[in-house]
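Down below is the structure, laid out as C-alpha cells.
The values are calculated or read from the model by the stated rules, or taken from the named source; none is laboratory data. Remember, predicted model here, so these are calculated numbers, not experimental data. Heads up, the Cβs are rebuilt from the backbone with ideal geometry, glycines too, and the neighbour counts pull from every protein chain shown.
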C-alpha cells in the first residue's frame, strides 16, 4: 500500500507548469508579407501547437503544446526579428502560486502577480503582461 501512495504523490507533483496560450497585440502590424513571415517563424518554434495571425486585429495567437518550454521573451524576440513591436500580451499560464508570485517550473521563471489569485501547486491563471522596455526588468502578470 505504501508504494502506491508514493506513486500517486509523485504523479501529482509532475503537473507541468507552463504557458498554455499567448496572444500578443502589435500596433505596427501593417505588412501582409511580414505577417506571413511571423506566422511561419512561430510554426517552426518548438512547443507551438497552433498559430493564428490577424493583421486586422494586429495580433498573433499561439496555442502551446503540453510540457512546452516557450518563454514570453522568446515570443517577443521573434516578433521583433520580423520587424513588429510586441505590446500587451494576454496569457493563460499554469504554475505554482504562493503569495503574490507565480512560479513556472518548466522554464524556471517566477512572475509577480498584480491581482488576486488562489494559492496552489497547479493553478491556471489568465491575465495580461506588458513587455518591459528593458528586458532585464521583471514582468508582472495583471489579473482582472
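Please return the ranges of strands (runs of 3 or more DSSP E) entirely within the range 1-112 where 3 or more residues are modelled with pLDDT under 95 and within 13 Å of the chain's Cα centre (by Cα).
Hits in the range 1-112: none.
Filter the range 86-144 down to residues that are without any contact (Cβ under 8 Å) to a residue 12 or more places away in the chain and in contact with a strand residue (DSSP E or B) (Cβ under 8 Å, 6 or more places away or on another chain), then give me how many there are.
1
Taking the range 44-56, which residues are buried (at least 17 other Cβ atoms within 10 Å of the Cβ) and within 17 Å of residue 89 (Cα to Cα)?
48, 51, 53
Within the range 88-101, identify whether any single residue is crowded, with 20+ Cβ neighbours inside 10 Å and within 12 Å of residue 24 (Cβ to Cβ), and answer yes or no.
Yes.
Could you tell me whether the range 57-66 includes any residue that is surrounded by fewer than 17 Cβ atoms within 10 Å (Cβ to Cβ) and over 24 Å from residue 94 (Cα atoms)?
The answer is yes; a qualifying residue exists.
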